[in-house]
1. Among (1) more than 19 Å from the chain's Cα centre (by Cα); (2) in a helix (DSSP H, G or I), where does residue 28 come up short?
2. Could you please let me know if residue 78 is outside any strand (DSSP E or B), at positive phi and not assigned by TED's automatic domain parsing to the domain that holds residue 13?
3. Are any of the residues in the range 46-53 within 30 Å of residue 2 (Cβ to Cβ), touching a strand residue (DSSP E or B) at 6+ places or on another chain (Cβ under 8 Å) and in a strand (DSSP E or B)?
């Protein structure tokens, strides 16, 4: 199993970042320049099943549910009522609760 890491770094810090990754036994798989100022570094290293499981659990705790991103997009496009309906469908919230959520979270 591999643990993957994607970093966005400035070109000025690229050499230092690559050295740090190599010292921590990461294998640099790809470096992609972005805009002349930054680069994306893709690296991997062998990981135990425990490390992989721990990383997945961490990402699940911090990942935003897709329905929130979809509701935000609907609300920002000026379709507040549709966003409220969508939030209700996805969460089971009541009308007032969904309306308050959309208005507070998406400022509309």
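The values are calculated or read from the model by the stated rules, or taken from the named source; none is laboratory data. The structure displayed is predicted, hence computed values, not measured ones. Reconstructed Cβ throughout: ideal geometry from the backbone, glycine too, with neighbour counts over all protein chains shown.
1. Unmet condition: (2).
2. So residue 78 passes the test.
3. yes
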